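Step one of this worksheet: look at the structure below.
The values are calculated or read from the model by the stated rules, or taken from the named source; none is laboratory data. These numbers come from a predicted model, not from an experiment. Here the Cβ positions follow ideal geometry from the backbone for every residue, glycine too, while neighbour counts run over all protein chains shown.
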Amino acid sequence: MSRLSRFAILACFAGILAACMTPTKTPHAADLWRCPDGFAPKAGLNTNFPHEGMMRAFVVTPAKGAAGPAPVWVPLTGTVESTNANLTVPRSGANALMAGQGFTVIGPVRQCAGQDPNVGRGPCDGPGSDGWNWKPWNDGRSGNAAGEKWKNDSGPDARFFEAMVRCVGTMLPLDAKRLYVGGISAGGTVTNRALTFSSDFWAGGMPISGEWYVSNDDGSPLSFSNARQAVMSSPLKIHQGRIGPYPLPKSLSPMVVITVWGGEKDLWDCGPPLGLCADYRPSTQAGANYFASMPNVVHVACSSTHGHMWPQINTQAFNAWALQTMASHPKGSDPRAFRLTAPPDGYSCRIGTYTDHY
């Protein structure tokens, strides 16, 4: 028996398992794919997915032409468009087309839509309840006492996104190191929430015109005007926000984040009596500042001129560029190795935080 063999045997008896076991999957991939008992996912619309006492729905568009496990794209609509619009209507992103780029696309349906992927603005427009700030998604805790329970609890929606991806992975080969989430408006806000609470699961994401719900340093709420002023006065500060844990995590798992600002018209009017109630210049600045400050995160700050909607200039070229950019940096990649390619015409993007806001 060789000295190496004798050493291996002794190491096993000593409990040094690495010397006598074959390599295992990474902790991120181990036991990742699972469904609720009795639920079998399928391509197309999936309904009655049991999750935290509710029945949820999602739409699956399998990747086309993928060689091996496919990266995953989870696109999130905002307040106005339905899930199906976000997946199929060009003006709303037509995100299902990204299946043709080799991504499995999984579109979750909002709670307010009652499992109907065609429900748009009507029942999904307005203030939230049960401690949430806005209705379409569980995107940020409200500033009153009811929101306190969500300070360090991601909430049902963020956990649902993960649960549906895990379940789809029992049907389709998915790349555990390339799971990406992103959305517009309220969908961008809940993307910020998912990434700050669950950076261990996601390889990255793209919050488009998402809120940060900038707060005081102690987590207490600021009015809309005071939050705008807080970022304007300290544009490079790491601002606390009601979108994520309080306090914000001091570190995140490695990932890539692309934040998108729609330019001067990237605003939201809540109508009378509130009037203007969201300005995505300070919110995208605050989000970019935070993600760019994390050493394990590659942050890309993008600006355009399309206003408050899914990017409208060269939409599909932009979607493909953004997803390919994220997929070029799988989970665990060295941030120093990241290389940013030029975005399509109509977009200005840079590594780091914004320099064009203030």
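Cβ-Cβ contacts under 7 Å between residues 6 or more apart (or on different chains), taken from a first residue in the range 19-44 that is small (Gly, Ala, Ser) to a second residue that is at pLDDT 95 or above, are listed as Ala29/Ala176; Ala43/Val60; Ala43/Pro62; Gly44/Val59; Gly44/Val60. Exactly one residue out of Asp334, Asp345 is assigned by TED's automatic domain parsing to the domain that holds Tyr180, farther than 21 Å from Phe103 by Cα, in contact (Cβ under 8 Å) with a residue 24 or more places away in the chain and acidic (Asp, Glu), and it is Asp345.
Is it the case that some residue within the range 245-267 is over 20 Å from the mean Cα position of the chain (by Cα), assigned by TED's automatic domain parsing to the domain that holds Asn226 and of a type outside the set (D, E, K, R)? Outline the logic, then answer.
Just the residues of the range 245-267 that are over 20 Å from the mean Cα position of the chain (by Cα), to begin with: 263-265, 267.
Subsequent filtering for residues that are assigned by TED's automatic domain parsing to the domain that holds Asn226 retains 263-265, 267.
Filter once more, keeping what is of a type outside the set (D, E, K, R): 263, 267.
Within the range 245-267 (the criterion being over 20 Å from the mean Cα position of the chain (by Cα), assigned by TED's automatic domain parsing to the domain that holds Asn226 and of a type outside the set (D, E, K, R)), the answer is yes, since at least one residue qualifies.
For the range 226-233, the criterion of being assigned by TED's automatic domain parsing to the domain that holds Asp334, touching a strand residue (DSSP E or B) at 6+ places or on another chain (Cβ under 8 Å) and assigned to a loop (DSSP other than H, G, I, E, B) is satisfied by no residue at all. Checked against (1) farther than 26 Å from Tyr246 by Cα; (2) under 18 Å from the mean Cα position of the chain (by Cα), Trp134 meets all criteria but (1).
So how many residues does the range 83-114 have that are among the β-branched types (Val, Ile, Thr), touching a residue at least 24 places away in the same chain (Cβ under 8 Å) and assigned to a helix (DSSP H, G or I)? Step through it out loud before you land on a result.
Residues of the range 83-114 among the β-branched types (Val, Ile, Thr): 83, 88-89, 104-106, 109.
Cutting the leftovers down to touching a residue at least 24 places away in the same chain (Cβ under 8 Å) gives us 83, 104-106, 109.
Filter once more, so that each one left must be assigned to a helix (DSSP H, G or I): 83.
Result for the range 83-114: 1.
Pick out, from the range 33-81, the strands (runs of 3 or more DSSP E) lying fully within it that include 1 or more residues that are under 22 Å from the mean Cα position of the chain (by Cα), more than 19 Å from Pro156 (Cα to Cα) and small (Gly, Ala, Ser). I'd like the intermediate steps shown before the answer.
Numbers: elements: 44-51, 54-61, 70-76.
Qualifying strands (runs of 3 or more DSSP E): 44-51, 70-76.
Any residue that is in contact with a Lys or Arg (Cβ under 7 Å, 6 or more places away or on another chain), buried (at least 17 other Cβ atoms within 10 Å of the Cβ) and either at pLDDT below 95 or part of a helix (DSSP H, G or I) (or both) - is there at least one of those in the range 309-317? No; the residues of the range 309-317 include none that is in contact with a Lys or Arg (Cβ under 7 Å, 6 or more places away or on another chain), buried (at least 17 other Cβ atoms within 10 Å of the Cβ) and either at pLDDT below 95 or part of a helix (DSSP H, G or I) (or both).
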